[in-house]
Amino acid sequence: MEQMITLISELGFPIVVTFFLLNRIEAKLDVVVSSIQGLPDRLKE
């Protein structure tokens, strides 16, 4: 928690929020990419 407060004070709130959201979205994008890559196999069935 102390590191988070240090980041907020040094970098600013918008930058910290941006990095947080990018990390969350990255995991979801990986799932979307794998679903799209598997789509041709599912369409063949």
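Summary table
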| item | result |
| --- | --- |
| Cβ crowding within 10 Å averaged over residues, with 6-12, 23-29 ranked highest first | 6-12, 23-29 |
| Pair Arg42, Ile25: separation of 7 Å Cα→Cβ label points (nm) | 2.3 nm |
| In order through the range 30-45: 3J(HN,Hα) via Karplus (6.51 cos²θ - 1.76 cosθ + 1.60), integer Hz, x for Gly, Pro | 4, 5, 5, 4, 5, 5, 5, 5, x, 4, x, 5, 5, 6, 6, 6 |
| For the chain, alpha-carbon Rg over 2.2 N^0.38 Å | 1.88 |
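Coordinate-derived values only; no laboratory data. Bear in mind the structure is a predicted one, so any value in this text is a computation, not a measurement. Counting neighbours? That spans all protein chains shown, and the Cβs are built from the backbone with ideal geometry, glycine included.
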